[in-house]
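Notes follow the structure.
The values are calculated or read from the model by the stated rules, or taken from the named source; none is laboratory data. Bear in mind the structure is a predicted one, so any value in this text is a computation, not a measurement. For neighbour counting, all protein chains shown are included, and Cβ atoms are generated from backbone atoms with ideal geometry for every residue, glycine included. What goes into the accessible areas is simple: the full protein's heavy atoms, side chains included, and nothing from ligands, DNA or RNA. Shrake-Rupley method; radii C 1.70, N 1.55, O 1.52, S 1.80 Å.
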2 protein chains.
Amino acid sequence: MTRRDPGGNQEPLTYADAGVDIAAGEKAVELIKTHVRSTFRAEVIGGVGGFGGLFSLAGLRHRDPVLVASTDGVGTKSVVARLAGRYETIGIDVVAMSVDDVAATGAEPLFFLDYISVGKLVPETVDEIVAGVAVGCRHAGCALLGGEMSEHPDLMEPGEFDLVGFAVGVAERDGLLPAGVAAGDRLVGVASPGLRCNGYSLARRALLDQAGRELDGPAWDGADHSLAEELLRPSEIYAPALAAVREQVEVHAFAHVTGGGIPANLARVLPDDCDAVVRRGSWPGPRIFAEVQAAGAVPAAEMESAFNLGLGMIAVVGGDPDRAVDALRSAGHDAWEVGELVAGDGRVTLAG
Amino acid sequence: MTRRDPGGNQEPLTYADAGVDIAAGEKAVELIKTHVRSTFRAEVIGGVGGFGGLFSLAGLRHRDPVLVASTDGVGTKSVVARLAGRYETIGIDVVAMSVDDVAATGAEPLFFLDYISVGKLVPETVDEIVAGVAVGCRHAGCALLGGEMSEHPDLMEPGEFDLVGFAVGVAERDGLLPAGVAAGDRLVGVASPGLRCNGYSLARRALLDQAGRELDGPAWDGADHSLAEELLRPSEIYAPALAAVREQVEVHAFAHVTGGGIPANLARVLPDDCDAVVRRGSWPGPRIFAEVQAAGAVPAAEMESAFNLGLGMIAVVGGDPDRAVDALRSAGHDAWEVGELVAGDGRVTLAG
């Protein structure tokens with residue numbers, strides 16, 4: 001650096017002039033501390049004051065441990081949160097996205113980190129977002145081990161934000177999924193009462209732009225909740241239920257239904273010699289999907305590749321599907337047998 | 001879902017109409033495969049086709065292993081990349097940010113995940129970005145274990161992007177840093193030839209807006225490289241050098257100089273009974289910092305809290321600082337003794 005105070009005739013420029021508010025960042029860090037601590041597990045090592053979050057593996061009892069990692073964001077669901085001015089549940093969504101990817105491999109989520117970028121850092125908004133992240137982490141049983149807030153004054157408008165998560169879990173190598181997927185396996189779908197985090201660009205285009213609905217109006221004719229509440233319905237976190245179902249029945253795979261919908265995500269766990277047949281109508285489709293389809297005149301195939309259609313996770317079960325359904329319901333998620341695997345070449349068909 | 005093709009008189013709406021291009025995503029995934037594979041270590045388990053990246057811990061030889069995790073982004077350095085249309089090195093930056101946080105705790109980086117959000121998904125641009133991520137991962141010795149691309153048509157302009165990274169490393173618990181930091185320790189600064197990823201909002205405001213310079217003009221009067229090249233200079237990755245220096249000399253802490261500059265980051269590793277005194281002028285300040293300061297008439301204290309001023313990492317050394325300097329130079333980074341710790345109360349002073 002140069003130490004002289006520069007001359008010239010400009011006004012002195014500071015970081016605050018450039019839109020970056022260091023004091024707001026410090027206040028936000030202070031506000032979120034309690035939320036973060038509420039998620040800590042025994043393995044979290046605190047008080048070192050270092051540059052990374054610390055998680056002890058000393059208690060790991062795995063014979064052949066494998067770490068499983070995933071990252072994902074909330075996509076443009078953040079736009080709905082901003083338009084509605086409601087930030088308290090979007091943090092649950094970001095945990096669900098990556099933690100349930102980890103759980104779908106058969107792993108136990110260990111810890112999670114979040115990254116929040118904002119146009120302008122408002123400590124109270126960050127506090128609400130991170131409170132939701134902590135709710136999600138407690139639900140998933142993982143520690144919120146770290147995170148970052150970044151102010152991007154020239155990249156985003158003041159109210160805009162993006163929210164990204166990273167999750168790490170651990171599994172026994174011989175317990176990793178998918179494993180043993182074969183013709184004859186049954187498909188058990190797990191309920192997603194809302195859009196989860198996928199298809200929001202299309203849903204907003206259809207409902208808000210094309211059909212001209214208002215976020216603070218009713219979700220649909222006669223609904224007693226607003227469209228904003230409907231669209232911000234937090235993502236279910238399936239991780240604990242997936243562990244529970246494996247204790248009750250032989251599971252060969254879990255397909256986490258996110259971008260690409262049921263067809264693309266179920267295809268990810270199929271061997272080359274199997275097709276999956278999913279029976280439409282074998283589960284109750286939440287009304288929001290019909291509303292989006294009607295509002296935007298969205299073709300059925302497009303609906304199927306953009307949305308989860310009411311199934312946020314599909315278990316591929318080698319054993320009795322009824323036991324899987326029961327285990328999932330005991331764990332707090334509605335579930336239905338929705339199809340089966342047949343001989344084929346790796347394709348997914350929605351039939352019926 | 002509802003299976004009927006909806007009626008009504010609207011034009012049918014598709015995901016592509018809403019600005020999300022699934023084919024472009026698939027093409028990008030195809031393009032980046034070689035880059036990703038080029039980073040794999042023996043521990044990476046491939047071919048399972050699951051929902052998370054897999055990293056075996058079977059070969060871990062630690063007595064008391066601790067995982068260390070960090071996340072960070074490139075901030076508004078991405079704006080410079082977009083304005084200049086140069087995407088080949090920003091991926092190195094995002095690796096440096098979180099991997100060197102992990103390395104600063106004394107951990108060995110194991111794996112990294114990236115998250116790219118874009119206004120419009122251009123496969124060739126994503127390919128360039130991920131190629132840089134892979135260069136960074138190979139340099140840091142960590143596997144690029146996973147990642148996500150997300151198209152945000154209503155949140156970002158077509159050329160805009162954000163780039164976030166997440167790194168996990170492992171350390172022996174009794175080898176974690178900081179440890180043993182005390183008065184009498186010497187400070188060894190490690191060269192950062194450019195801005196790294198911090199202070200870009202201020203730098204752009206000063207250089208481009210206030211001084212009216214052009215990115216494709218010379219970096220400064222008489223420079224033979226452009227201002228864009230100067231501002232996009234990739235971040236050094238220090239992780240391998242930090243491991244090397246610990247083999248040569250007793251290190252009590254590393255301070256990764258990012259947001260908050262030397263004062264805030266050095267303070268993070270100080271005990272309550274020590275002050276750090278950094279001697280200004282004890283290392284050669286790269287010219288870009290003087291240019292920013294002059295262009296924006298930025299006060300000296302503001303420069304010190306927004307920028308690294310030419311030191312991207314500071315080692316707090318209990319042993320002979322000359323041995324640390326030699327080890328760092330042997331590992332490819334210029335280094336200088338820049339100060340020491342004295343009795344005090346946890347403050348950092350830039351003196352002289």
(request) Classify the range A:20-91 as rounded, prolate or oblate, taking a ≥ b ≥ c as the square roots of the eigenvalues of its Cα gyration tensor: rounded when a/c is under 1.5, otherwise prolate if a/b is larger than b/c and oblate if not. (result) oblate
(message) Can you tell me which aspartates and glutamates have their Cα less than 12 Å from the Cα of A:Lys27? Leave out same-chain residues fewer than eight positions away.
(response) A:Glu124, A:Asp127
(request) Would you work out the charge dipole size for chain B about its Cα centre, treating the Cβ of every Lys and Arg as +1 and the Cβ of every Asp and Glu as -1, and quote it to the nearest 20 debye? (result) 420 debye
(message) Quick check for me: using +1 on Lys/Arg Cβ and -1 on Asp/Glu Cβ, what's the dipole size of the protein assembly as shown about its Cα centre, in debye to the nearest 20?
(response) 800 debye
(message) Leaving out ligands, DNA and RNA, and with a 1.4 Å probe, what % of the accessible surface on the range A:22-175 is carbon or sulfur?
(response) 51 percent
(request) Determine how large the accessible area of A:Ser150 is when every protein chain is in place; take a 1.4 Å probe and give Å² rounded to the nearest 10. (result) 20 Å²
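If you average 1/r across every pair of different Cα atoms in the range A:186-351 and take the reciprocal, what Kirkwood value do you get, in Å?
Details: mean 1/r = 0.0612 Å⁻¹.
Taking the inverse mean of 1/r over all distinct Cα pairs, the range A:186-351 comes out at 16.3 Å.
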(message) Treating the point 7 Å from Cα along Cα-beta-carbon as the label, what are the nm separations from A:Gly85 to the other copies, to one decimal?
(response) 4.3
(request) State, in square angstrom and to the nearest 100, the accessible area buried between chains B and A, both chains counted, probe radius 1.4 Å. (result) 8300 Å²
(message) Just to be sure I understand the model, the point goes 7 Å from the Cα along the line to the Cβ. What's the resulting A:Asp334 to B:Ala183 distance in nm?
(response) 6.9 nm
(request) Would you tell me which residue of chain A has the beta carbon closest to the rotation axis bringing chain A onto chain B, and how many whole Å away it is? (result) A:Phe166, 2
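Based on the alpha-carbon gyration tensor of chain A and its eigenvalue square roots a ≥ b ≥ c, which shape applies: rounded if a/c is under 1.5, prolate if not and a/b is larger than b/c, or oblate? Kindly include the intermediate steps, with their values, before the conclusion.
Details: a/c = 2.30, a/b = 1.39, b/c = 1.65.
Oblate, since a/c reaches 1.5 and b/c is not below a/b.
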(request) May I ask you to report, in nm to one decimal and beginning with the shortest, the distances from A:Gly332 to the same position in the other copies, taking label points 7 Å along Cα-to-Cβ? (result) 4.9
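Using only atoms on other chains, find how many Cβ atoms lie within 10 Å of each Cβ of peptide B:144-157 and report the average.
What the average comes to for B:144-157 is 6.
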(message) Positive end of the dipole of the protein assembly as shown, charges at C-beta (+1 Lys, Arg; -1 Asp, Glu), about the Cα centre: which of A:Pro153, A:Ala104, B:Ala297 has its Cα farthest in that direction?
(response) A:Ala104
(request) Beyond 26 Å between alpha-carbons counts as too far, so tell me which of A:Lys33/B:Lys120; A:Lys120/B:Lys33; A:Lys120/B:Lys120; A:Lys33/A:Lys120 fall in that bin. (result) A:Lys33/B:Lys120; A:Lys120/B:Lys33
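Other chains' Cβ within 10 Å of B:101-108 residues: what's the mean? Kindly include the intermediate steps, with their values, before the conclusion.
Numbers: counts 6, 4, 2, 3, 7, 3, 4, 0.
Per residue, the average neighbour count from other chains is 4.
Over all residues in B:199-211, what is the mean tally of Cβ atoms on other chains that come within 10 Å of each residue's Cβ? Don't skip to the answer; put the middle values down first.
Values: counts 3, 4, 10, 8, 2, 2, 9, 4, 0, 0, 3, 6, 3.
Rounded to a whole number, the mean comes out at 4.
Taking a ≥ b ≥ c as the square roots of the eigenvalues of the Cα gyration tensor of the range A:51-208, is the shape rounded (a/c under 1.5), prolate (a/b larger than b/c) or oblate?
Details: a/c = 2.69, a/b = 1.41, b/c = 1.90.
Taking the square roots of the gyration eigenvalues as a ≥ b ≥ c, the range A:51-208 is oblate.
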(message) With both bridge residues required to lie in the protein assembly as shown, what share of the DSSP beta bridges run antiparallel, to the nearest 5%?
(response) 80 percent
(request) Between copies, how far apart are the A:Gly212 label points? List them in nm, one decimal, shortest first, with each point 7 Å from Cα toward Cβ, please? (result) 4.8
